[in-house]
Structures are given as C-alpha cells and as structure tokens.
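J.: A single structure is presented below for examination.
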Amino acid sequence: MSHQGLILGCIADDFTGATDLAAMLVAHGMATVQVIGVPQGPLPQADAVVVALKSRTAPVQQAVAESLTACEALLGAGARQIFFKYCSTFDSTDEGNIGPVADALMRRLQSGFAIACPAFPANGRSIFQGHLFVGDRLLNESGMENHPLTPMRDANLVRVLSRQTDGGVGLVPFAAVDAGEAAIRREFHRLRDSGRRYAITDAVTDEHLLAIGAACAEHALITGGSGIAMGLPENFRAQGLLPERDDADELPEARGSMAVIAGSCSRATLGQIGLARDHVPVLELDALATPDASALAALARDWVRDRLSTERPVVIAASAPPDKVRALQDKLGREAAGALVEEALSRIATDLVAQGVGQLVIAGGETSGAVVQRLGITSLRIGPQIDPGVPWTYAEPAGLHLALKSGNFGARDFFLKAFQP
C-alpha cells in the first residue's frame, strides 16, 4: 500500500471512539492507523492517523494537555486538518471535557470557528433543532441519563456545550442542513459574524453528514462524532491529496481462539450478552460479590480453560444493570468501582492472549482502553467493519485481531456475527 503522507490528523477522547472514527475513514477510502495514547516518536504512515486518548473522563487539565500534545505530533507529521472526535452521545459533564479541549485546539490552530456535530444516523444518533436523539428518544431519556461517569440529563446540545465553553454556541438548523452545502456554509458565516465560536449542526441522514462535511472543507478544526467523517475523504480527493484506493481495509489473516470481554453496562451490550447466552459459553462476573480483581481474574482463568475454541467465542462479562452498578459504586466509590472492573478485565485479557486467543472483541470504551494498555499495544491497523462504527483491527506488535466496541454500538447478535467468516 503506497502512501502520499498524512492528510487528516484525528484526536479521539476514548479508544473505541477512535476505532469507530478510523473505521469510517477506511470505509470511505482513507488508509488509517490508530495510535494508542499520546504519540511517542514518529507516527505511522497513513492517509489518516487517529490518536486514541483516554481523556473523556480524565481531569480537564490532563485532557487538554494530552490533546494538545497529540495535535502537535499530527501537525508535525503534516496533517492538513485536525478532527477532535467524541462520542455520538456527547458524553461529558458540565465542566467538560468537550468544550475545554475544543477551545484549546481552536486556540492552537487559530481557527476561531468549528462545528460540533455528534450525529451518526446509522447508529440511531440524530440531531434535530439542536436536540440529540438516540433512536426515537431524547438523549436524556435514552438510558444515558444513568451513565455511571457522564450522565447526560439535557438533550439540547447548544445548552450543554454552552456550559463547557466561554465561546458562543449557535445552531445550524435542520432547514439549512437539508438545503445542502451552500446553505450550510451561509449559516456558518452568519454564526461566525454574530460572534459564535461553535455551531451545533442538525443532521438526521447520511446525506446531511456528507453535505456538512463538504461545507467544512476549509475548516482547520472539526469536532464531532465519527459520522461527520464520512464527508471528509471526498474533500481531500477533490484537492488532489487522496488517491483512489480499494485496499484501505486489508488485514492479515485471523488466527487463534475467539473471545469476547465485556465491561460496558449499556443497554446494547447487556442485550448482546443476553443473546450470546443462548449460543456460546458465557461467564458473568459479579464484582459486587467478589470485589477483588485478582480473584475475578482467577475465576475467569479456571472457567475458560477447557472452553476456548477456534470455532466459537467465549464471552466473559462484568457488565451489570444500573442498580447493580450503583450498588458497587456505593460500596467502593465510583472511581474505585470502575478501576476494579478495568483491572480485572485487563488481567483476563492478558490471560486469554497467553492461552492462544488471537481474535478478541472488547465491549466498552474504558474497558478497551485498559485492555489495550495492559497488552502493550501501540498501534492498530484498521480493517473491515463488523457493524457501523466497529471494525476489526490488527494490533501491533501483538499480532492480535481486535475489535474495540463502544458500549452502545452493534446489533444484538454482534458477539456472534463478529466471528463469522
């Protein structure tokens, strides 16, 4: 695969979100590599590089500092546009981290104006008149209001982002977006001229995202979910920067046993575990009954010993419904509860790889981050998608096929279809 040099530099605030974005870019013809953590040394060669940080729930100052360091590395490698990627459910608190990180990147790039568009219609995330919907429900009625780290209790993104930034936040409404690229550009100019720094941008279809992407061709900074990325590769092709290619998602052949590790407590992941129970071996760990990472890992090690196979996956889950999550947090404290589950599951992942697992699905952003760091993975080559936003990847230097699934993503049969040839 030949490369012309880095074109698009991306900074993602969690690991599964980074993979989601990288998958979108690959699907639209950009060879893409995901780098794990703040870059250390030269970046890999690719059309796009996505730096995967674990900054979504980090202290604001840390999130800003890591994002700026990543930005410098991407600019130094030749990136012509910077994309700050966050979750399609705008996961954040009233303090950040979306607003503060975007503000810092905007200052560094001297851009003065950027969109904020987390819409991803293929996964049921749409924005209408500034309100974020998950399926047919407002964000604050979707289950996200119960998120253990970033409970989302307001669906109005203009209000949400306004609480996180000193910059003015405006709206590009549905009528303008539906009218196409030229109308969107006019709205950008109107908002910028009125002193707004950010534009929440309505979008309910892929066609809307393509038009928004085209309207952002000259923007130094783009912020949003992975959906907006579908419109960016064509901009670079139109500028003669991106060659046509049909090999962007090629990976080495998958080998070894199959396994799933689930830490997400989202409705989608709980449903995926429920369906998997009827088809493959499933171990559900109870961190409330056994609040000890070493003991949970030992339990999984014993359970999995005679169950690993190259024909079907095993599923090991520490996911739990909201009442059990709250009970564990009440017992240990919120941060300690999360750290316990991450430590246990990352130990289990290490054990599985040592026992010959070569194809591994991880469900949950925090869990994915912990596992990737424990395994010492430094970069991921992005391959074909399993479901929208979730591709297989090839982990280097481990030689492992990994799928990092955002908790909310994937069809109900995701844990089964992921391993089908």
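The values are calculated or read from the model by the stated rules, or taken from the named source; none is laboratory data. Computed from a predicted model, the values in this text were never measured in an experiment. Here the Cβ is made from the backbone with ideal geometry for all residues, glycine too, and neighbour counts use every protein chain on show. SASA here: full protein model, heavy atoms, side chains in, ligands and nucleic acids out. Shrake-Rupley method; radii C 1.70, N 1.55, O 1.52, S 1.80 Å.
J.: Is the range 333-421 best put as rounded, prolate or oblate by its Cα gyration tensor, with a ≥ b ≥ c the root eigenvalues, rounded for a/c under 1.5, and otherwise prolate when a/b is larger than b/c, oblate when not?
T.: Oblate, since a/c reaches 1.5 and b/c is not below a/b.
J.: Determine the equivalent ellipsoid of the range 1-159 by diagonalising the alpha-carbon gyration tensor, then write out the semi-axes as square roots of 5 times the eigenvalues, largest first, rounded to whole Å. The partial results should precede the final answer.
T.: Values: eigenvalues 147, 63, 37 Å².
Ellipsoid half-lengths, sorted descending, are 27, 18, 14 Å.
J.: Mean projection of the alpha-carbon convex hull of the range 151-232 over all orientations, in nm²?
T.: Result: a mean projected hull area of 5.6 nm².
J.: Which value, in Å² and to the nearest 10, is the accessible area of VAL353 when all protein chains are kept and the probe is 1.4 Å?
T.: Answer for VAL353: close to 50 Å² accessible.
J.: Next question. Going by a ≥ b ≥ c, the root eigenvalues of the Cα gyration tensor, does the range 253-298 fall in the rounded group (a/c under 1.5), the prolate group (a/b larger than b/c) or the oblate group? Walk me through the numbers on the way to the answer.
T.: Working: a/c = 2.06, a/b = 1.27, b/c = 1.63.
Because a/c hits 1.5 or more and a/b fails to exceed b/c, the range 253-298 counts as oblate.
J.: While we're here: Tell me the relative contact order for the chain as a rounded percent, counting alpha carbon contacts under 8 Å between residues six or more apart.
T.: About 19 percent, as a whole number.
J.: Ignoring everything except DSSP H segments at least 4 long, calculate the 222 nm mean residue ellipticity for the chain; use -39,500 (n - 2.57) per segment, divide by total residues, nearest 500.
T.: Taking each H run of at least 4 residues, the total per residue is -11000 deg cm²/dmol.
J.: Sticking with this one: Among the lysines, select those whose C-alpha is under 18 Å from the C-alpha of LYS405, and discard any that sit fewer than 8 residues away in the same chain.
T.: LYS54, LYS85, LYS417
J.: Given that compact globular proteins tend to follow 2.2 N^0.38 Å, what is the ratio of the alpha-carbon Rg of the range 95-199 to that value?
T.: Working it through for the range 95-199, the quotient is 1.10.
J.: Follow-up. What order, most packed first, do the peptides 314-323, 260-269 have when packing is the mean number of other Cβ atoms within 10 Å of each residue?
T.: The packing order, highest mean first, is 260-269, 314-323.
J.: Over the range 245-348, one equal point on each Cα, no solvent: what is log10 I(q)/I(0) by the Debye formula at q = 0.16, 0.19, 0.21, 0.23 Å⁻¹?
T.: One equal scatterer on each Cα of the range 245-348 leads to -0.74, -0.95, -1.09, -1.23.
J.: Give me the percent of accessible area attributable to carbon and sulfur for the chain, probe 1.4 angstrom.
T.: 47
J.: Restricting to Cα pairs below 8 Å that are 6+ residues apart, what does the relative contact order work out to for the range 371-421? Please round to a whole percent.
T.: Normalised by residue count, the contact order of the range 371-421 is 29 percent.
J.: Only Cα pairs under 8 Å and at least 6 apart count here; give the relative contact order of the range 1-74 as a rounded whole percent.
T.: Details: 125 pairs, mean separation 28.1, N = 74.
With pairs under 8 Å counted, the relative contact order is 38 percent.
J.: Which three extents, in whole angstrom, do the alpha-carbon atoms of the chain cover along their principal axes, largest first?
T.: 64, 49, 35
J.: Which net charge results when you count Lys and Arg as +1 and Asp and Glu as -1 among the other residues whose beta-carbon is under 10 Å from that of ASP178?
T.: Local net charge: -2.
J.: Mind running the shape call on the range 180-269? Use the C-alpha gyration tensor, a ≥ b ≥ c as the square roots of the eigenvalues: rounded below 1.5 for a/c, prolate if a/b tops b/c, oblate otherwise.
T.: It comes out oblate by the Cα gyration axes.
J.: Would you mind getting the accessible area per residue of the range 292-403, heavy atoms of the protein chains only, 1.4 Å probe, in Å²? Each step should come with its number before you reach the end.
T.: On the way: 4470 Å² over 112 residues.
Roughly 40 Å² per residue, with all protein chains present.
J.: Counting other C-beta atoms within 10 Å, and keeping those with at most 16, which DSSP coil trypsin sites (Lys or Arg not before Pro) do you find in the range 27-91?
T.: Working: sites: LYS54, ARG56, ARG80, LYS85; in loops: LYS54, ARG56, ARG80.
Here the trypsin sites (Lys or Arg not before Pro) that fit, given the DSSP loop and packing criteria, are ARG80.
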